[in-house]
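The values are calculated or read from the model by the stated rules, or taken from the named source; none is laboratory data. Just so it is clear, the structure is predicted and the values come from calculations on it, not from any experiment. We place every Cβ from the backbone using ideal geometry, glycine too, and count neighbours over all the protein chains shown.
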Amino acid sequence: MPKPVHTVQPEWSRVPPYYDGLYVGIDGLDGSGRTTLALALKTRLQSEGYPTVVVTPFPNTRTHQFITQVKHDRRLHAKSRHLLYASLFAMTTQHVILPHLTAGYVVLSDRSWLSLYARAVAQGLDTAWVRTTLGFALVPDMIIEPQSDPLSVSRRKLTVSDSLDTLESAPNRNSFEGFVEFQTQIHDILEGLKGEADWHLLNLQPDPSLEIDRIAHHIISQLEGSDAPS
């Protein structure tokens, strides 16, 4: 069943106006298991015969490497950094997300506009301004969030890295406490956005298979236009 394209700012140009796929945002805290969940869902859906692709806000690996190199440049202030992220996400939306949706794919977005919004607001940027800069972004047909808490994801990040990103840390705090505080802010911002989408919280501990089966069944029911419990 074709779905109308909805953007964050409704007056944004809609080309194409409809798509046959399903746009699923996978949002939540860094270190919560978003990427692992996206890949597991892709495998599950493809095994059922549904073409599925996983996308990130950045168009390709080279762009992601570029962002990693330049994001700590002192000349790049918070607004400029956010506009860079938003511009790259706009490219991904136009050249990857929309074409796949039009072709009938399930698009699993490892971070939708909601994560970019939450991160920018947590860094102190004006909420209305940030929403305007992301006005082009598609509103997902549903949001999936791996259940997590700021302290647990902060500890998990330390297990895979020798240090925590200063851009993901509240100012004037030590690295770990600042990271926990920043993740707490993102958590609270996402909580305030839950009324804007069909939101599903997944508990992936200790065995994620049942939750992945449940949400895959819900995605398939949405694609087929049938009513099924979520």
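Descriptive notes on the structure:
- Among the candidates D126, D141, residue that is among the acidic types (D, E), in contact with an Asp or Glu (Cβ under 9 Å, 6 or more places away or on another chain) and either under 20 Å from I220 (Cβ atoms) or modelled with pLDDT of 95 or more (or both): D141
- Selection within region 144-196: residues that are farther than 23 Å from T36 by Cβ and of a type in the set (D, E, K, R). The member of this set that is modelled with the lowest pLDDT is R173.
- Scope region 122-149; condition of a type in the set (S, T, N, Q), in contact (Cβ under 8 Å) with a residue 60 or more places away in the chain and not in a loop (DSSP other than H, G, I, E, B); matching residues: T132
- Enumeration of residues in region 186-217 that are buried (at least 16 other Cβ atoms within 10 Å of the Cβ), over 16 Å from the mean Cα position of the chain (by Cα) and in a helix (DSSP H, G or I): E211, I212, I215, A216
- Filter pass, R119 being touching a helix residue (DSSP H, G or I) at 6+ places or on another chain (Cβ under 6 Å), among the basic types (K, R) and either touching a residue at least 12 places away in the same chain (Cβ under 8 Å) or not in a helix (DSSP H, G or I) (or both): no
- Helices (runs of 4 or more DSSP H) wholly inside region 1-94 containing at least 3 residues that are of a type in the set (D, E, K, R): 34-47
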